[in-house]
Amino acid sequence: MKLLMMWMLCMLAATSAMRSEMKDLEGEWVLDKTDMKLLEKKVMELVRLSEKQRKIEMGAKQAEEMASSLIDYLAGMKVSFHREEDGKWFYSMSDENEWQEYVLTVIKDGDTVSCVTDEGAPIVIQMREGGIFIESRTKVPMPFKKANKGAGEKVDLEGSWVLDTSDKEALRNQLGGLIEDQMLQNGIAREDMAEAKKTVFNVLLSQQFTFTKKLGGKWEYLMEAGLEISRSEMTVREFSNRFICKAANGVRVVILKKEDGGIDVVNPMFDTPLPYVRSKMEEAKSILEGHVFVPMNVSKEKVVSLLGEAKKVHEDDALDDLLIYDYKLTEKVDLGVTVWKGKVVAVLYDFDLPFVKTFKEARFLMNAYGDGKQWDMKQKGYKYVRSDGRYVFVHSTPFKKDIASIGVASTEYLEALRKLENK
């Protein structure tokens, strides 16, 4: 029965069409259950057609159960038509688990319109009183009506958004399969996936994006994900049930409105809607703010004057004249200060916090040790080199335990260690 349902849904998923009054089609459509006798008749035609094409035979009870299941599924589906500025028409189908979109080419226009999707699937739309019939290659026209205008139409895109984690377990399950598929495509072995999936999931949780409307109708898009911050201009077009966003580099993002005021963003990586809610916009301060900052290249005497006597001081045999001063900075933060040749050459902050909860601290330390300079990425999210080449910044990934480390070291010190290793 499951295979039969999949076959019939593929037949229905062909695509859509227009007529001379194209604007009549623009918007969102749902299954029309006003005339249940008509709907049941049409769905039963689909069931019998599937029997014939698949060369199977169902009893009356099985056929009725299949028809009832198909009606329930179609009742949860929404189809939409919209036209973009370049004149292209798009047709999409969505339910609570899936979203698909096609580009339409109109072959024949009029009261009955013939179209073909970018995948070559034919579809015919007939205008009728109170709605439309959508007919795919099954040749069985199904009745649809305009969706009721809901609260989702009042969604204001401007502002900041984060993933909706109200049901974190459901979100984790939804993302788990999607992330795994991507990793398999990138050649990552299954035995290495568990921790990698956890890291990707944590980075997605740290993601926040902000839309700001500018003068002249342009929008600015700001994405913050872990240590990565990107900013770009984009155009935003609003429709009754969605926003279509296009970045300057041509990337196109579909954002679906929700009746609760939230949005579903069709993630380009996974091609599936992910739920987002408004960020509270209360950027929590780093737990390091208010604590004494240890600059690089200062003397060991300066370290003691700033932080007091260390909890522990130990030598390191790696290099001559190398001392490490250990401090308990806060209940959740340990600090190690490395002094070589009488000057601070490295600092290491160990956090008793999950990796995803230390991005604020990483940004804080990047700013503190940046001296107004940029950090050039060497390994996305983890390793950066200051633009003047003097310092390296590392934000470690906790593959075995929920403890994160952030370190800054001088390139002179790191080069000395490398030379020692190569001897």
Over 25 Å between alpha carbons, listed pairs 285/343; 145/258; 312/343; 312/378; 52/139: 285/343; 312/378
Can you put 80, 305 in order, fewest other beta carbons within 10 Å first? 305, 80
Dipole moment magnitude, nearest 20 debye, the range 300-422 about Cα centre, only Lys, Arg, Asp, Glu C-beta charged: 560 debye
Which log10 I(q)/I(0) values, to two decimals, does the range 130-185 give at q = 0.14, 0.20, 0.21, 0.24 Å⁻¹ under the Debye formula with one point per Cα? -0.86, -0.85, -0.85, -0.91
Calculated from DSSP H runs of 4 or more alone, at -39500 (n - 2.57) each and per residue, what is the 222 nm mean residue ellipticity of the chain, nearest 500? -8500 deg cm²/dmol
Given Cα pairs under 8 Å that are at least 6 residues apart, what percent is the relative contact order of the chain? 10 percent
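Apply the membrane-span-like helix rule to the chain: whole DSSP H runs, Cα extent along the own long axis of at least 20 Å, mean Kyte-Doolittle hydropathy at least -1.0. List the helices found.
Qualifying helices: 36-54, 60-75, 168-185.
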Top positive-direction residue, dipole computed over the range 122-257 with Cβ charges, set 189, 133, 217: 133
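From the convex hull of the Cα coordinates of the chain, what is the mean projected area in square nanometres?
Convex hull of Cα atoms, orientation-averaged projection: 27.6 nm².
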Check cross-link reach from residue 88 to the lysines: straight Cα distance under 18 Å, and skip same-chain residues fewer than eight apart. 23, 108, 246
Any aspartates and glutamates whose Cα falls less than 17 Å from that of residue 213, other than same-chain ones fewer than 8 residues away, would be 156, 158, 233, 238
Residue order, fewest to most beta carbons within 10 Å, for 324, 134, 107: 107, 324, 134
Across the Cα atoms of the range 292-423, what radius of gyration and what greatest pairwise Cα-Cα distance (Dmax) are found, in Å? 14.5, 40
Pick from 404, 60, 248: which is most flexible by mean-square fluctuation in a GNM of the chain where alpha carbon atoms under 10 Å apart are linked? 60
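Every number here is computed from the coordinates shown, using simple stated rules; none is lab data. A quick note: this is a predicted structure, and the numbers were derived from the prediction, not measured. Every residue, glycine among them, receives a Cβ derived from its backbone with ideal geometry; neighbour counts consider all protein chains shown.
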